[in-house]
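Below is one structure, written out as structure tokens; comments come after it.
The values are calculated or read from the model by the stated rules, or taken from the named source; none is laboratory data. Bear in mind that the values here come from a model prediction, so they are computed numbers and not experimental data. Here the Cβ positions follow ideal geometry from the backbone for every residue, glycine too, while neighbour counts run over all protein chains shown.
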Amino acid sequence: MIINILAAGGTAAAENQFGLQQALKEGGIISQSVFTILVIMSVVSFYILFSKLFEQQKIINQAKRVRSNFWTSNSLREGSAKLDKNSAYKQLVDDGLAAQEQHSKLTDPIEAHDWLHGSLARSEAAINSKLGGGLAFLATVGATSPFIGLFGTVVGIYRALIKIGASGDPSIDKVAGPVGEALIMTALGLVVAVPAVLAYNWLQRRNKSISEDLSAFSNDVLGFLASNGAVRPSLGTTPAKAPVKPATATTTAGQTGGVQTRS
């Protein structure tokens with residue numbers, strides 16, 4: 001019984017000789033720094049992912065309210081009052097109204113359409129720039145973290161081989177363990193990189209969809225302003241089609257076969 005307990009304890013001790021903690025110890029300050037950098041990259045990447053998802057979903061919900069309530073208003077100011085205070089769509093409407101007021105104060109003549117279009121495009125670009133904030137970090141993490149992990153692996157293997165060479169015991173059991181531990185850094189680099197790349201592509205696709213909706217809304221606002229309210233988008237109602245009368249089966253006598261006979 002005692003022998004079995006001691007044997008089990010010796011096996012557990014032997015298994016604990018290899019692992020992440022031992023790899024960090026073998027790699028020294030460089031491997032520990034690489035591990036810390038990868039952990040920070042991973043934490044920040046997931047923070048950006050969830051914060052951007054929340055921000056995107058907020059704008060998507062705003063778009064639904066715009067389609068249901070905004071264009072039923074009598075004026076843009078009345079419609080703007082129905083939108084959320086920090087809504088991206090409210091920003092577009094307010095910037096369009098401000099541009100319309102500014103045009104009357106210009107001393108150098110310029111087409112109202114060009115002035116309004118430029119102001120709305122600038123406002124739209126500012127919103128898209130805010131939506132894209134943080135995505136460059138995700139792209140950087142996806143591109144660099146595998147190489148950072150590989151650097152930690154190279155340093156870990158180098159230090160492990162130096163230690164094995166100094167001990168004078170080049171047997172496979174002395175080489176495989178430390179080298180295998182060093183490869184953990186490469187695996188950690190891939191674990192950090194793959195979610196970052198997936199998150200970047202997914203957020204970019206959602207941003208593109210949001211940008212298309214904002215562009216369409218900006219064009220509708222421009223048409224409304226340029227026409228003094230005469231032009232506005234349809235509310236999605238389609239006119240009812242007239243019922244089609246069924247064809248009658250009666251035929252005129254003497255017209256069978258498409259040829260009319262004469263007596």
Review point. Consider Ala242 against the criteria (1) at pLDDT below 85; (2) under 29 Å from the mean Cα position of the chain (by Cα): it satisfies all of them except one. Which criterion is unmet?
Key: (2)
Review point. Could you list, in sequence order, the residues of the range 55-110 that are under 17 Å from Gly223 (Cβ atoms) and of a type in the set (A, V, I, L, M)?
Key: Val66, Leu76, Leu92, Val93, Leu97, Ala99
Exercise for review: List every residue pair whose Cβ atoms lie under 7 Å apart, where the two residues are 6 or more positions apart in sequence or sit on different chains, the first residue falls within the range 83-102 and is in contact (Cβ under 8 Å) with a residue 60 or more places away in the chain, and the second residue, located anywhere, is buried (at least 20 other Cβ atoms within 10 Å of the Cβ) and among the aromatic types (Phe, Trp, Tyr).
Suggested key: Tyr89/Phe217; Leu92/Phe217
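Quick one: would you say Ala193 is under 30 Å from Phe137 (Cα atoms) and either of a type in the set (A, V, I, L, M, F, W, C) or without any contact (Cβ under 8 Å) to a residue 24 or more places away in the chain (or both)? Lay out the reasoning, then the answer.
Values: under 30 Å from Phe137 (Cα atoms): yes; either of a type in the set (A, V, I, L, M, F, W, C) or without any contact (Cβ under 8 Å) to a residue 24 or more places away in the chain (or both): yes.
It is true that Ala193 is under 30 Å from Phe137 (Cα atoms) and either of a type in the set (A, V, I, L, M, F, W, C) or without any contact (Cβ under 8 Å) to a residue 24 or more places away in the chain (or both).
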